[in-house]
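Worksheet for the structure shown next.
The values are calculated or read from the model by the stated rules, or taken from the named source; none is laboratory data. Note that the coordinates shown come from a computational prediction; the quantities given were computed from them, not determined experimentally. Every residue, glycine as well, gets a Cβ built from its backbone with ideal geometry; the counts of neighbours run over all protein chains shown.
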Amino acid sequence: MTRTRGKRGEETRAYWTMVLPAFVVYLLVMAFPIVLSLVLSLSDYNGGRMFGGKPWGVVGFDHYAKVFSDSAFWHALKNNSYIVLVSVFGQLPLGFVFAYVIYRRLVKWPDFWQGILYVPNIISIIVIGILWQTIFSPVGPLAEVMNAAIRGGFQDRLNSIIASADPSALSDEALRRILDLAGPSGAAMFTEPLIELRDLLSSYGPGNSPEVLEGLTNLFAPKWTPDFLTKDDVAMLPILFVILWMYTGMYLIMFLANMQKIDTQIVEAARIDGARETQVMRYIILPSLSGTFVNSAILAIAGSLSSFALIFAMTGGGPGHVTEILSIYMFDKAFQGSPDFPLANAIALIMVGISFVLIALTKAMEKRYGGKEE
Amino acid sequence: MIATPVNRRFSAERIASALAKGLAYAVMSLFALMTLYPIFWLFMNSFKPTREFQMSQLGFPKSPTLDNFVGAWNLGEFSKLIPNSLIYTAGATIGIVLLSVLAGFAFAKIKSRATAPIYGSFVIGILLTVQSLMIPLFLEVNLLGIYNTRIAVLLVYIGSGLPIGIYLSTEFIKAIPGSLIESARIDGASYLRIFRSIILPMTVPVATTLAILNITNVWNEFALINILVAKTELKSLPLGMFRFSGSLSSDYGKQFAALTIGMLPMLVFYVAFRKQITKGVAAGAVKG
């Protein structure tokens, strides 16, 4: 009798010895902050020592009202939804198609494609953010390639005007055509365009056309300055493009892993019976991955809530608040300008609320799709 | 004559499949280019003096130099960042794996009424993003007096890695036959003894998956550590590299060298463990 009780006791002790360390850490990192943000979002605590400092009290739902009436909040929420839409209508279908062609070995070097498409996921997001910010910036390679092309085109047209004539003794007609090519911004450099341009050209001395061409191109060729990340109405696009490229590889791996669980004999038998590749995809692979699609869509929403670093490094949420997402909006409220911790905590709790809706959704989906795949 | 419509359908089908294949190739190539070219470009420019970069960003460096690397290394204090990143990654990974396998064993093999609610709370945590809790976490570590400490960073990293870790290890240990444990119990072995000599060796596959998953996550993590530490002595690589996007961003040579230094370890890790990383991601994401 005592022995069995001792055994039960040891069992209980062992259970808690093994569970408690993990559970305590988990409570500290996940549960406690949720409770804290709930309390603080209803209070007027705004930094400093929480106990023994400036007294603070509960003020009710004011901060939530403030968040919901802030247009920047809705804008951030909209940007989060854009990220979800890019995932659901971009990354998921692309990931699925890539996984399928790799799974069925319809492309050469399937291993190479799989390997390379996942690379963006293992590089630090900070590196990716800074790198793409530079690429889209006026000093980036994009600008250099475009400007080289523009200069090349400009020089060609200039060349066709000057042709074999001596640049220091061009006709009025040729000078006018050069000025036409330079456009209004070029003409604006002169007060007496024709005369001044002739002076300029003769200063090169006779017969020196390569240098003249170079000089005129430097002077007149239009310069293209990329403003993707600094213009309000387009700044979100490069970010979404980078996000599309970054995470497609992750969904590819998820779909591929689930495809590989499908009995290959079913696919082979269908092919032998004359089913076409698209039919195999439509009637065998797609239905058995419906659960994966639902999971991926839920993951996409969770992913948009957790993203922070990429936008933080690419634009910092700017220009203005144009590229802010919820996490950056919250960060700004807490750490930029005059800190507003109650407001930031209210935003945190709203994000947690969205997560809980997602979790409920997963549970419901699991009931519906459960058993089809693990 | 009868065969014609079939043939036509067949050929339309073939055109469609050729188109699909072409599209797959095109987009995959675009994505691959978007990956390879920036890395190549970054690498090339990190060997150019900033003056040469301003003249020409494309192409190979004309007078390659290691000055950028030396400068970035000193300016970015990489000699502090790299050990810190190693400490955080190793500490968090060991912590997550150990705590997950321990709790997973209890959840899977010891009957208790506490399992349903506690294990359930961990599973819920898989979809809870810690990033949304960064402000309350910041206030909490201040309240606990552990702001600007390694303990806080490790605590947060371990806590946020536990849900998926516990889920994967519990499911894995459930599949270990119960008879193994029962016979050891009859022989008088304690649970902790069973854990050490039976469970731990058998969970190597899931522990490896978890470790790999967490190494990439923790090494690259930015949002959380950004609010947990402010001292350079405690910063990790991503935090250090972020400095090069702000006040130091116009010194392109050093910026590129810093990004190259920061990127290389993970690229090497990926090339070495690609199969395991892929497997880990698939395992971690299937349910997540």
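Miscellaneous remarks
- Any hit, segment A:143-159, residues being surrounded by fewer than 21 Cβ atoms within 10 Å (Cβ to Cβ), within 21 Å of the chain's Cα centre (by Cα) and either closer than 24 Å to A:VAL294 by Cα or within 14 Å of chain B (Cβ to nearest Cβ) (or both): yes
- Any hit, segment A:236-253, residues being away from chain B (no Cβ under 14 Å), over 22 Å from A:PRO93 (Cα atoms) and outside any loop (DSSP other than H, G, I, E, B): no
- Yes/no for A:GLY186 being under 23 Å from A:ASN147 (Cβ atoms), surrounded by 12 or more Cβ atoms within 10 Å (Cβ to Cβ) and modelled with pLDDT under 80: yes
- Across segment A:321-348, the qualifying residues are those that are among the β-branched types (Val, Ile, Thr) and not in a loop (DSSP other than H, G, I, E, B), and the one among them that is surrounded by the most Cβ atoms within 10 Å (Cβ to Cβ) is A:ILE347.
- Considered as a group, the residues in segment B:204-225 that are under 16 Å from B:ILE173 (Cβ atoms), among the β-branched types (Val, Ile, Thr) and buried (at least 22 other Cβ atoms within 10 Å of the Cβ) include one that is modelled with the highest pLDDT, and that residue is B:VAL206.
- Which listed residue, of B:TYR37, B:TYR25, is surrounded by 12 or more Cβ atoms within 10 Å (Cβ to Cβ), closer than 30 Å to A:GLN114 by Cα and within 26 Å of the chain's Cα centre (by Cα): B:TYR37
- The residues in segment A:19-47 that are more than 33 Å from the chain's Cα centre (by Cα) and of a type in the set (Ser, Thr, Tyr) can be counted, and the count is 2.
- Residues satisfying the stated conditions in segment B:236-261, i.e. crowded, with 22+ Cβ neighbours inside 10 Å and basic (Lys, Arg): B:LYS254
- Some residue of segment B:83-101 being over 30 Å from B:SER169 (Cβ atoms) and either away from every other protein chain (no Cβ under 14 Å) or among the aromatic types (Phe, Trp, Tyr) (or both): no
- B:VAL70 being modelled with pLDDT of 90 or more, surrounded by fewer than 18 Cβ atoms within 10 Å (Cβ to Cβ), out of contact with any Ser or Thr (no Cβ under 6 Å at 6 or more places or on another chain) and farther than 22 Å from A:ALA149 by Cβ: yes
- Restricting A:LEU194, A:LEU213 to residues that are in the same structural domain as A:ASN159 (by TED's automatic domain parsing), within 20 Å of A:ALA149 (Cα to Cα) and hydrophobic (A, V, I, L, M, F, W, C) narrows the list to A:LEU213.
- Enumeration of residues in segment B:164-203 that are surrounded by fewer than 17 Cβ atoms within 10 Å (Cβ to Cβ), touching a residue at least 60 places away in the same chain (Cβ under 8 Å) and closer than 19 Å to A:LEU20 by Cβ: B:LEU200
- Among helices (runs of 4 or more DSSP H) entirely within segment A:272-315, having at least 2 residues that are buried (at least 18 other Cβ atoms within 10 Å of the Cβ) and facing another protein chain (nearest Cβ under 8 Å) singles out A:290-306, A:309-314.
- Flag set for A:THR323, criterion: of a type in the set (Ser, Thr, Tyr), out of contact with any Leu (no Cβ under 7 Å at 6 or more places or on another chain), more than 29 Å from A:ALA257 (Cβ to Cβ) and more than 9 Å from every other protein chain (Cβ to nearest Cβ).
- Residues (loosely packed, with under 13 Cβ neighbours inside 10 Å and in a helix (DSSP H, G or I)) located in segment A:254-271: A:THR264, A:GLN265, A:GLU268, A:ALA269
- Scanning segment B:136-156 for residues that are in contact (Cβ under 8 Å) with a residue 24 or more places away in the chain and not small (Gly, Ala, Ser) yields B:LEU137, B:PHE138, B:VAL141, B:TYR147, B:ASN148, B:THR149, B:ARG150, B:VAL153, B:LEU154, B:VAL156.
- Condition check for A:ALA14: within 30 Å of B:TYR119 (Cβ to Cβ) and in contact with a Phe, Trp or Tyr (Cβ under 6 Å, 6 or more places away or on another chain): yes
- Residues satisfying the stated conditions in segment A:161-183, i.e. loosely packed, with under 14 Cβ neighbours inside 10 Å, farther than 21 Å from A:LYS223 by Cα and within 49 Å of the chain's Cα centre (by Cα): A:ALA163
- A:TYR26 being surrounded by 16 or more Cβ atoms within 10 Å (Cβ to Cβ), modelled with pLDDT of 95 or more and not assigned by TED's automatic domain parsing to the domain that holds A:ILE328: yes
- Yes/no for A:GLY353 being surrounded by 18 or more Cβ atoms within 10 Å (Cβ to Cβ) and either more than 9 Å from chain B (Cβ to nearest Cβ) or under 29 Å from A:PHE61 (Cβ atoms) (or both): no
- Helices (runs of 4 or more DSSP H) contained in segment B:148-222 and holding at least 3 residues more than 10 Å from chain A (Cβ to nearest Cβ): B:150-174, B:178-186, B:204-220
- Residues located in segment B:7-35, provided they are of a type outside the set (Val, Ile, Thr) and facing chain A (nearest Cβ under 7 Å): B:GLU13, B:ALA16, B:SER17, B:LYS21, B:ALA24, B:TYR25, B:MET28, B:PHE31, B:ALA32, B:MET34
- A:GLY129 being surrounded by fewer than 18 Cβ atoms within 10 Å (Cβ to Cβ), part of a helix (DSSP H, G or I) and modelled with pLDDT of 80 or more: no
- Which numbered condition B:GLY161 misses (of (1) in contact (Cβ under 8 Å) with a residue 40 or more places away in the chain; (2) over 30 Å from A:ALA334 (Cβ atoms)): (2)
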